[in-house]
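The values are calculated or read from the model by the stated rules, or taken from the named source; none is laboratory data. Treat the numbers as computed from the prediction; the structure is a model and nothing was measured. Note: ideal-geometry Cβ built from the backbone for every residue, glycine included; neighbour counts use all protein chains shown.
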């Protein structure tokens, strides 16, 4: 029998531990189940490009506007220089900003997608994130193709101050034009979707859907409890609570989202 150290090396990286039920899962089983725990249904966080791959038909995705990057307009510094934070986030994720734009087909339906990347400074919305999402909307306006935005964000990016907050109005105004043209817009809310993202484009979809147990809200539950000095209901701000109170249209398992949207687009577009 090989020594214990050799056995440990052979199995390293092959398994993952579920953050919810704490069971050990074979990573290949997790991948085949769309990064959802097969034992308890916990949805592991996935990155923006994984999300695009799950939504769009194979070999149809074409990314655009990937070169855009923040210019650090306020020369912001706290414990770290903002430019240093941007460089570290880019190195860790392989992205220039906290959103990836792509276009392709979803079971044959042409769509434009903007998928947020939580690992890039918490998916925070700065001026470049706002610009990229607005450009995705404008691409939908140009082509007439349906729009999907997948949110995963802690909200506005404080290092850009009011320039970040301005993106809420900018994106919402562009979505108003999309609505006037009657081009379908689907908002997918994942864990977490909070702050200025929730207060603007994430809740403006013609169809608003979320993954199970996603945290969705403006202020966090702890902040609300401290403000109103009351205990919040069980599951407050989770997607299931919101759909029960009419804030969402549906809560869907990750593997159910693509076929559900294909049916919805067929209904919405008549194709």
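A single entry from 83, 79, 69, 51 fulfils the requirement of being within 19 Å of the chain's Cα centre (by Cα) and surrounded by fewer than 17 Cβ atoms within 10 Å (Cβ to Cβ): 69.
For region 75-85, state whether one or more residues are closer than 24 Å to residue 172 by Cβ, assigned by TED's automatic domain parsing to the domain that holds residue 212 and in contact (Cβ under 8 Å) with a residue 40 or more places away in the chain. Break it down into steps so the answer makes sense when it comes.
Of the residues in region 75-85, the ones closer than 24 Å to residue 172 by Cβ are none.
Checking region 75-85: not a single residue is closer than 24 Å to residue 172 by Cβ, assigned by TED's automatic domain parsing to the domain that holds residue 212 and in contact (Cβ under 8 Å) with a residue 40 or more places away in the chain.
Restricted to helices (runs of 4 or more DSSP H) entirely inside region 183-249, those with at least 2 residues that are assigned by TED's automatic domain parsing to the domain that holds residue 148 and within 20 Å of residue 169 (Cα to Cα) are 195-198. Whenever a residue of region 219-234 is free of Cβ contacts under 8 Å to residues at least 60 places away in the same chain, its partners that are outside any helix (DSSP H, G or I) and surrounded by 10 or more Cβ atoms within 10 Å (Cβ to Cβ), lying with C-beta atoms within less than 7 angstrom and at least six residues away or across chains, give the pairs 220/194; 221/232; 221/236; 221/237; 224/232; 225/232.
Can you tell me which residue among 140, 151 is free of Cβ contacts under 8 Å to residues at least 60 places away in the same chain, in the same structural domain as residue 51 (by TED's automatic domain parsing), surrounded by 21 or more Cβ atoms within 10 Å (Cβ to Cβ) and part of a helix (DSSP H, G or I)? Before the answer, list the steps.
On the way: 151 fails: part of a helix (DSSP H, G or I).
Testing whether each residue is free of Cβ contacts under 8 Å to residues at least 60 places away in the same chain, in the same structural domain as residue 51 (by TED's automatic domain parsing), surrounded by 21 or more Cβ atoms within 10 Å (Cβ to Cβ) and part of a helix (DSSP H, G or I) leaves just 140.
Looking across region 26-45, the residues that are touching a helix residue (DSSP H, G or I) at 6+ places or on another chain (Cβ under 8 Å), part of a loop (DSSP other than H, G, I, E, B) and in contact (Cβ under 8 Å) with a residue 40 or more places away in the chain come down to 33, 34, 35.
Taking region 154-185 as the search range and keeping residues that are within 18 Å of residue 269 (Cα to Cα) and surrounded by 15 or more Cβ atoms within 10 Å (Cβ to Cβ), which one is nearest to the chain's Cα centre (by Cα)? The residue in question is 185.
Report yes if some residue within region 223-231 is within 22 Å of residue 46 (Cα to Cα) and surrounded by 15 or more Cβ atoms within 10 Å (Cβ to Cβ); otherwise report no. Before the answer, list the steps.
First, the residues of region 223-231 that are within 22 Å of residue 46 (Cα to Cα): none.
Among the residues of region 223-231, not one is within 22 Å of residue 46 (Cα to Cα) and surrounded by 15 or more Cβ atoms within 10 Å (Cβ to Cβ), which makes the answer no.
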